[in-house]
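Student: Before we start, here is the structure in question, set down as structure tokens.
Nothing in this text is a laboratory measurement; each read-out follows from the coordinates by a stated rule. Values in this document were obtained by computation on a predicted structure and should not be read as measured data. Reconstructed Cβ throughout: ideal geometry from the backbone, glycine too, with neighbour counts over all protein chains shown.
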Amino acid sequence: KVERFNGYLKGSFITPLAATLKSAGLTLDVVTANAHIGQWLDEVAHQRIHGTTGVQPAVRLAQEQQVLLPLPTQSLRPQPAPGLRLGRVLPYESLQHPLSVYEQLLEVRA
């Protein structure tokens, strides 16, 4: 389901926005995408009829919010697992590609 949403996001938001910007001589970057995503969510993504539920996501969220429990007022600190050595730094490996990879993909399609 995550892959399906990623395809929907790319086809319905990223590609049209990149094409609009490209026609104006601009390129899509993170700041621009973040500036436009809220409007797209409100006007497009939350208004469509969801394939599985048959309901608009905005309507479904409003229904579910009525029965959701509030977040705890006090956050709990996670406790280390017994026998775990503290202070050992694990290497960081990002699984996300840099935005330039996606920009190159968009340029190939254009």
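Student: For helix 30-40, what angle does its Cα long axis make with the longest principal axis of the chain, in degrees from 0 to 90 and rounded to 10?
Tutor: Long axis of 30-40 versus the principal axis of the chain: about 80 degrees.
Student: Hey, another quick one. If you consider only alpha-carbon coordinates, what radius of gyration and Dmax does the stretch 1-63 have, in Å?
Tutor: 13.3, 43
Student: For a protection proxy built on the mean count of beta-carbon atoms within 10 angstrom, sort 30-38, 61-69, 15-23 highest first, please.
Tutor: So the peptides 30-38, 61-69, 15-23, ranked by packing, come out 15-23, 30-38, 61-69.
Student: If contacts are Cα pairs under 8 angstrom and at least 6 residues apart, what is the relative contact order of the stretch 1-63 in percent?
Tutor: Normalised by residue count, the contact order of the stretch 1-63 is 17 percent.
Student: Can I ask one more? For a protection proxy built on the mean count of beta-carbon atoms within 10 angstrom, sort 93-102, 40-49 highest first, please.
Tutor: 40-49, 93-102
Student: Here's something else I'd like to know. For the chain, list log₁₀ I(q)/I(0) at each q in 0.11, 0.12, 0.19, 0.21 Å⁻¹, using the Debye formula over Cα point scatterers of equal strength and ignoring solvent, two decimals each.
Tutor: With no solvent term, the Cα-only Debye profile gives -0.64, -0.73, -1.06, -1.15.
Student: About the Cα centre of the chain, how large is the charge dipole given +1 on each Lys and Arg Cβ and -1 on each Asp and Glu Cβ? Please answer in debye to the nearest 20.
Tutor: Taking the Cα centre of the chain as origin, the dipole is about 360 debye.
Student: Out of the stretch 61-110, which trypsin sites (Lys or Arg not before Pro) are coil in DSSP terms and have no more than 15 other C-beta atoms within 10 Å?
Tutor: R85, R88
Student: With the contact rule set at Cα under 8 Å and sequence spacing of 6 or more, what percent relative contact order holds for the chain?
Tutor: 23 percent
Student: Moving on. Taking the Cα centre of the stretch 1-63 as origin, work out the dipole magnitude from +1 charges on Lys and Arg Cβ and -1 charges on Asp and Glu Cβ, in debye rounded to 20.
Tutor: Approximately 220 debye in magnitude.
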